[in-house]
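Have a look at the structure below, then the notes.
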Amino acid sequence: MAIGFRQHLRQQLHKAAADAARPFVSWTEPWEGLDPLSFFLLGPSCGFRERFFWSDRSGSTIFAGLGVAYAIETEKMGDRFDDMEAGRRRWEGMTEPCGAADGPPILFGGFSFDPHRPRAEWWRGFPAGKLVAPAALLAVRNGRTTLTVTVPTDQKGRDWERIGRLLDRLDGSMSVSKRLPPLMANEEEEKERWLAAVREAIAAIRARELDKVVLARARRLTFAEAVDAAAVLGRLREQQPFSYLFAFEQDGRCFLGASPEQLVQKEGETCRSVCLAGSVRRGGGLEEDERLGAWLQQDRKNREEHQFVVQMIGRLFASVCDTVEMPPAPQLLKLPHIQHLCTPVIGHGCRERSVLRLVELMHPTPALGGTPRDRALEAIGALEPLDRGWYAAPIGWVDGEGNGEWAVAIRSALLVGKEAVLFAGCGIVADSHPDSEYEETNVKMIPMLSALGVMNDG
């Protein structure tokens with residue numbers, strides 16, 4: 001099947017490109033039995049410098065992309081989401097779908113947390129907003145796997161050559177190595193400054209200048225050699241089976257992680273979100289774990305932090321939907337290293353055409369920024385000792401009909417050569433204690449430390 005498919009696809013692509021009236025042609029064919037992570041692994045050997053990966057929490061929707069057929073990018077601040085939505089609509093009419101394709105390929109990408117913040121060098125290449133259509137996309141949806149190839153119809157550029165190499169390699173057996181290089185250095189990024197920022201935030205909240213603010217910190221790891229993003233993703237897939245997995249790699253830099261938090265999903269006139277705020281570690285045994293979970297559900301500080309998020313998302317959904325469903329009390333979401341207060345929200349009769357508009361309305365939620373939003377963002381800019389870049393910001397995908405799903409890019413790291421920069425944050429309210437908040441960020445770094453083969457030494 002594979003040899004015949006390669007020949008068939010090449011012939012059809014060239015014919016479709018010659019006959020097309022649009023700048024791009026996109027061909028989709030069923031392709032069963034190929035692991036998306038193995039597909040991701042193939043990128044560098046085929047000459048692709050860009051790679052993308054997305055898996056939802058259930059594993060029913062997985063995308064692995066290689067190369068960039070088309071990119072939409074913005075450095076605008078106030079209207080960056082409008083800019084990206086306009087680009088998405090242009091993309092709708094630029095591609096001629098062929099084979100089993102029923103529309104333009106999905107766009108995958110992300111946004112920075114705060115476009116007004118000066119960008120640190122480690123975030124070079126990660127602008128205020130960016131969406132890309134991969135040149136080759138392996139998609140798994142509800143058990144069905146397809147391969148989509150998107151190329152310019154002028155048949156120029158190196159993507160035609162790279163696609164040829166990719167098709168030649170799809171027959172071979174591929175396995176993702178879990179080997180990671182030895183750790184050489186583990187550096188805290190300005191711990192005392194962060195603790196001082198927490199103390200200052202608590203004072204501002206108690207003075208009623210704001211209700212809540214989320215403060216993040218970073219840790220920099222240095223390894224003996226460059227870290228393979230595919231190996232880290234493979235470990236995350238094993239260790240964090242109920243999280244969103246994501247990776248956005250370009251120009252030797254890869255931002256990746258395993259996030260438990262959905263920002264928003266849109267399917268037709270139905271939209272969904274998950275309020276996730278308030279957390280505690282997992283217990284060493286069943287009895288301790290249940291005791292910690294019960295404490296979390298009753299703790300005033302964590303319930304208050306959670307309720308800020310519930311109120312904001314509930315109000316927002318009510319403003320764009322006919323009806324909104326949510327349970328009366330938060331549930332527990334138990335992950336391998338941490339448990340969270342969790343309230344799912346469903347909106348019916350959504351009047352927004354595009355999920356990007358919902359992303360704009362929701363970012364940042366009180367779980368990632370604070371409340372009131374504007375005051376919290378001002379406090380983050382004044383107090384937080386780092387540039388978040390794409391950390392704690394929206395990452396996800398959108399299709400030609402405006403449907404899609406976006407997560408919040410937490411439990412994440414930026415890989416740059418031999419270095420990995422890890423990020424974690426926590427919500428500060430009036431009852432917060434700096435040392436406790438610091439320990440909470442340590443717990444939140446465990447998933448990435450484990451995926452990188454590093455023990456959490458605090």
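The values are calculated or read from the model by the stated rules, or taken from the named source; none is laboratory data. Since we're looking at a predicted model, the values are computed, not measured. All Cβ positions, glycine included, derive from the backbone under ideal geometry; neighbour counts span all protein chains shown.
At a glance:
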read-out: Residue list for the stretch 359-376, restricted to those being touching a helix residue (DSSP H, G or I) at 6+ places or on another chain (Cβ under 6 Å) and in a loop (DSSP other than H, G, I, E, B); value: Thr365, Pro366, Ala367, Gly369
read-out: Pair list, Cβ < 6 Å and 6+ apart or interchain, from the stretch 5-26 residues that are modelled with pLDDT under 75 to residues that are of a type in the set (Asp, Glu) and crowded, with 16+ Cβ neighbours inside 10 Å; value: Ala20/Glu96
read-out: Any hit, the stretch 257-264, residues being outside the structural domain of Asn442 (by TED's automatic domain parsing), touching a residue at least 24 places away in the same chain (Cβ under 8 Å), outside any strand (DSSP E or B) and within 14 Å of the chain's Cα centre (by Cα); value: no
read-out: Criterion: closer than 15 Å to Gly396 by Cα and in contact (Cβ under 8 Å) with a residue 12 or more places away in the chain - qualifying residue of Ala224, Ala247; value: Ala247
read-out: Residues that are under 17 Å from Glu29 (Cα atoms), assigned to a strand (DSSP E or B) and at pLDDT below 90, drawn from the stretch 131-169; value: Val151
read-out: Complete set of residues in the stretch 298-344 that are surrounded by fewer than 20 Cβ atoms within 10 Å (Cβ to Cβ), among the acidic types (Asp, Glu) and assigned to a helix (DSSP H, G or I); value: Glu304
read-out: Check on Gly278, touching a Lys or Arg at 6+ places or on another chain (Cβ under 9 Å), under 22 Å from Asp56 (Cβ atoms) and either aliphatic (A, V, I, L, M) or part of a strand (DSSP E or B) (or both); value: no
read-out: Search result, residues across the stretch 345-358 that are closer than 29 Å to Pro447 by Cβ and not in a helix (DSSP H, G or I); value: Val345, Ile346
read-out: Filter pass, Gly427 being surrounded by fewer than 24 Cβ atoms within 10 Å (Cβ to Cβ), at negative phi and assigned by TED's automatic domain parsing to the domain that holds Phe308; value: no
read-out: Number of the exception - Phe39 against (1) surrounded by fewer than 22 Cβ atoms within 10 Å (Cβ to Cβ); (2) under 21 Å from Arg141 (Cα atoms); value: (1)
read-out: Filtered residue count, the stretch 92-116, keeping only those that are at pLDDT below 85, surrounded by 19 or more Cβ atoms within 10 Å (Cβ to Cβ) and of a type in the set (Gly, Ala, Ser); value: 2
